[in-house]
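Report on the following structure.
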Amino acid sequence: MNATELLSKDGDDEPPTADGAETPVFTVRNLWKVFGPKADRIPGSEHAASPPAELRAATGCTAAVRDVSFDVRKGEVFVVMGLSGSGKSTLVRCLTRLIEPTSGTLTIDGEDVLSMDRARLRELRRHRAAMVFQHFGLLPHRTVLDNVAHGLEIQGMARAQRRAKAAELVDKVGLAGLEDRRPGQLSGGQQQRVGLARALAVDPEVLLFDEPFSALDPLIRREMQEEVVRLHRDEGRTMVFITHDLNEALRLGTRIALMRDGGLVQLGTPEEIVGSPADDYVRAFVQDVSREQVITVRTAMRPATAGEGEEGPALRPGATVSEAIEAVARTGAATARVMDGGRLLGVVDHAGLLDVVAGTQAEEVPTR
């Protein structure tokens, strides 16, 4: 494409968006997980708002998840981010009751998860929500193909059928030719790909990732992030991704929930987290992030004046400020157009883009 065309095709690098009218995949309201004696007495008590150290001193309890509420929308990558001890891994395990919540409400597709009996929980974990763990949990005596097919075997699928489906998934995650190897013959990144293929094999509605790449070398970790981006783009599958890495969260997330001491500090898009931190804690988290790599042209654009919508490079609404600065500089144009298909949303100019980088931009221009 030349400089007057879109920097990338609409939707090529944008995750599928959720229809606001749809029932969320997960609905979480006022969820608590408290460890310790008489834990059920903590939510709603005089100690509920106490800092962690004070809560432990007064009650002997630890609130790993503290009054958390959010929705996970269909087709999004919902990232839960926080430092060690923030409660993020406990939270994701509560979603399928691998850890039993202390109080609150939790539904999947409108169905009450907390009231599910053992049979319904088994069905939830085997068919509807698959987990990808940091530690791969592969069966060392089985081949790659049989590891991928393991969940299908548990479901009772015939051997030939499950091996055929597993072979498709092995190819999808880039392990073709390694079907007969055992986990000990694979690199860490390859083992994680096997774990990802195994989760995909059962065709779950939602994939739950619990810091799956944190033990990998940086280059392999980036490869796996790219694999998740590709799979999400190709399939549009709902994902909940747990990480302590801000760059990983910004790269993968449709929305990010930032946790601290068991509670949610801020919930928003990567652009909202970086551009409008909720407090000093979030501000410190994002202070080293290159704003121009995250904030999009929607924030920098302004209404077009007469003639401005006819010339200059065209940008998709999700283009970053960095991409826009490059396009304007490359073409020498005074402005760039922000286009949604054939519809002009607004224009950006060099001064407005630099204001965004400096954090002095105006409010985002609303679009219809």
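Observations on the model:
- When residue 288 is tested against (1) more than 30 Å from residue 244 (Cβ to Cβ); (2) out of contact with any helix residue (DSSP H, G or I) (no Cβ under 6 Å at 6 or more places or on another chain); (3) surrounded by fewer than 22 Cβ atoms within 10 Å (Cβ to Cβ), just one condition goes unmet, and that condition is (1).
- Residue 84 being in a loop (DSSP other than H, G, I, E, B) and either under 30 Å from residue 271 (Cβ atoms) or open to solvent by 60 Å² or more (accessible area, probe 1.4 Å) (or both): yes
- For the stretch 187-204, the set of residues classified as open to solvent by 20 Å² or more (accessible area, probe 1.4 Å) and of a type outside the set (Asp, Glu) consists of 187, 188, 190, 191, 193, 198, 202, listed by residue number.
- For the stretch 117-131, a tally of residues being under 17 Å from residue 152 (Cβ atoms), in contact with a strand residue (DSSP E or B) (Cβ under 9 Å, 6 or more places away or on another chain) and open to solvent by 80 Å² or more (accessible area, probe 1.4 Å) returns 1.
- Residues in the stretch 39-58 that are in a loop (DSSP other than H, G, I, E, B) and within 21 Å of residue 86 (Cβ to Cβ): 42, 43, 47, 48, 49, 50, 51.
- Among residues of the stretch 86-101 that are among the polar types (S, T, N, Q), those with a beta-carbon under 6 Å from a residue that is in a loop (DSSP other than H, G, I, E, B) at least six positions away or on a different chain give the pairs 90/99.
- Hits in the stretch 35-68 (condition: open to solvent by less than 50 Å² (accessible area, probe 1.4 Å) and free of Cβ contacts under 8 Å to residues at least 40 places away in the same chain): 36, 45, 48, 50, 55, 59, 60, 61
- Which listed residue is surrounded by fewer than 21 Cβ atoms within 10 Å (Cβ to Cβ) and within 20 Å of residue 131 (Cα to Cα), from 114, 95: 114
- The condition of being of a type in the set (Phe, Trp, Tyr) and either under 30 Å from residue 340 (Cβ atoms) or modelled with pLDDT under 95 (or both) does not hold for residue 35.
- The stretch 325-353, subset within 18 Å of residue 290 (Cβ to Cβ) and without any contact (Cβ under 8 Å) to a residue 40 or more places away in the chain, residue least open to solvent (accessible area, probe 1.4 Å): 328
- Positions within the stretch 30-60 being small (Gly, Ala, Ser) and on the phi < 0 side of the Ramachandran plot, in sequence order: 39, 45, 48, 49, 50, 53, 57, 58
- Residue, surrounded by the fewest Cβ atoms within 10 Å (Cβ to Cβ), within the stretch 205-241, restricted to residues that are within 21 Å of residue 94 (Cα to Cα) and acidic (Asp, Glu): 205
- Condition met for residue 142 (part of a loop (DSSP other than H, G, I, E, B), over 26 Å from the mean Cα position of the chain (by Cα), basic (Lys, Arg) and modelled with pLDDT of 85 or more): yes
- Checking each residue in the stretch 262-285 for being crowded, with 18+ Cβ neighbours inside 10 Å, modelled with pLDDT under 90 and among the small types (Gly, Ala, Ser) picks out only 275.
- Given (1) under 23 Å from residue 194 (Cβ atoms); (2) modelled with pLDDT of 90 or more; (3) not β-branched (Val, Ile, Thr), number of the condition residue 151 does not satisfy: (2)
The values are calculated or read from the model by the stated rules, or taken from the named source; none is laboratory data. Remember, it's a predicted structure, so these values are computed and weren't measured experimentally. Glycine also receives a Cβ, built like all others from the backbone with ideal geometry; neighbour counts cover every protein chain displayed. Heavy atoms of the whole protein, side chains included, go into the accessibility calculation; ligands, DNA and RNA do not. Shrake-Rupley method; radii C 1.70, N 1.55, O 1.52, S 1.80 Å.
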